[in-house]
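Here is the structure we will look at, set down as structure tokens.
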Ligand code: KG4
Ligand code: ZN
């Protein structure tokens, strides 16, 4: 089966082609056109600008993806498109493009929830054993899920305010080190020296009985530390390291509590923040130490951590296989939809 995936929920225009045989995924193309360079100067994504860029880019990206995959459009069996959550004007570009192709070429169309797309990035090169615990951490979401089967999710916890990626971006803004903050903070953290001391930041909600998160207070605590410290400009790397470690500690602690409580054999980390090497390596190490070979840790390849259309195609495939299918005439972009 050949699936064409389309993703345009934020500032990446992405189109992928995957072929699936017996649930084994073969990625034929994974084209991503990022608008980061354009939004950098504004310090964040400007929705109007993002939508205009998607309009300009969607057909060239679509064309390139088919060419790279060496697949003709007529051969595609299913189109999967992100319908939300995200920026509605950006989502509309992908959704309307997918609907037009589906209508003109008579190809079945399926809508995919963006968070579900991130979850399915774990199924591209691997296969989590159900039930499993999935932590998805991105610029827009921090969500801990018990996945019992395909399309069967129990949300264990979510962020009550800022997403983890958003916190990285805001902290980078406070230190004026650039956008997007995640990769910059992570790079800075590696340069930190042990000689320069900074205060320990809080680990919000780390001991709470539930599985919710909160990162807004951490960002405020960070701001107060900078205000107290006249010499913070010379300790950006040390502050970056302490902030990164605070986020990493909270994320891992909550996920592992869920692993123990639900006695699962697989724990999965996905989303843009899972590109963070410290988070990936600490997570893997702690799972190994705590559960030995009893629990498997899965994190997708770096190219599938941030927004891409391969994860959308894969989520679309499993949903289609499980009987879900949309009609092009009642599919629409929605900024807020639940998993
Ligand atoms: O999944 P994604 O591409 O988009 C959303 O669905 O939001 O995630 C983007 C987020 C941004 O907040 C970015 O700062 C963060 O992922 N990010 C990272 C790293 N790379 C990207 N955060 C921490 N460390 C990284 N290396
Ligand atoms: Zn995303």
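FYI, it's all coordinate maths here, none of it is from the lab. Keep in mind that what you see is a predicted model, and the values were worked out from it rather than measured. Note that each Cβ is placed from the backbone with ideal geometry, even for glycine, and that neighbours are counted across all protein chains shown.
Shape summary: the range 85-156 maps onto an equivalent ellipsoid whose semi-axes, from the alpha-carbon gyration tensor, are 27, 16, 10 Å in decreasing order. For the peptides 14-20, 307-313, 171-177, the ranking by packing is 307-313, 14-20, 171-177, with the highest mean count of neighbouring Cβ atoms within 10 Å listed first.
Considering the chain at the alpha-carbon level, its Rg and Dmax are found to be 20.2, 65 Å.
Inverting the mean 1/r over all pairs of different Cα atoms, compute the Kirkwood radius of the range 127-299 and quote it in Å. List each step's numbers first, then the result.
Values: mean 1/r = 0.0609 Å⁻¹.
Computed over Cα pairs of the range 127-299, the Kirkwood hydrodynamic radius comes out at 16.4 Å.
Ellipsoid semi-axes for the range 1-145, based on the Cα gyration tensor and the rule √(5λ), read 23, 22, 13 Å when sorted largest first. For the chain, the longest principal axis of the alpha carbon atoms and the long axis of helix 310-321 meet at an angle near 60°. Considering the range 202-339 at the alpha-carbon level, its Rg and Dmax are found to be 19.0, 60 Å.
For every helix of n ≥ 4 consecutive DSSP H residues, a contribution of -39,500 (n - 2.57) applies; sum these over the chain, divide by its total residues, and give [θ] at 222 nm rounded to the nearest 500 deg cm²/dmol.
That calculation yields -13500 deg cm²/dmol at 222 nm.
Among 147, 92, 1, the order by Cβ neighbours within 10 angstrom, fewest to most, reads 1, 92, 147.
Rounded, prolate or oblate: pick one for the range 188-277, where a ≥ b ≥ c are the square roots of the eigenvalues of its C-alpha gyration tensor, a/c under 1.5 means rounded, and failing that, prolate if a/b is larger than b/c, else oblate. Provide the component values of the computation, followed by the final result.
Numbers: a/c = 2.85, a/b = 1.89, b/c = 1.50.
Verdict is prolate for the range 188-277.
Restricting to bridges with both residues inside the chain, how much of the DSSP beta-bridge set is antiparallel, in percent to the nearest 5? Before the final figure, lay out the partial values.
Numbers: 29 of 46 bridges.
Here the share of antiparallel DSSP bridges comes out near 65 percent.
Relative to the longest principal axis of the Cα atoms of the chain, helix 236-262 runs at roughly 60 degrees.
Using the average count of surrounding beta-carbon atoms within 10 Å as a protection proxy, the listed peptides 210-220, 81-91 rank, highest first, as 81-91, 210-220. Between the Cα long axis of helix 164-174 and the first principal axis of the chain there is an angle of about 60°, rounded to the nearest 10. Stokes-Einstein, applied to the Kirkwood radius of the range 157-230 over Cα pairs at a viscosity of 1.306 mPa s and 10 °C, places its translational diffusion at 119 µm² s⁻¹.
Listed highest first by mean packing, meaning other Cβ atoms within 10 Å per residue, what order do 275-288, 319-332, 107-120 come in?
Highest-to-lowest ranking by the protection proxy: 107-120, 275-288, 319-332.
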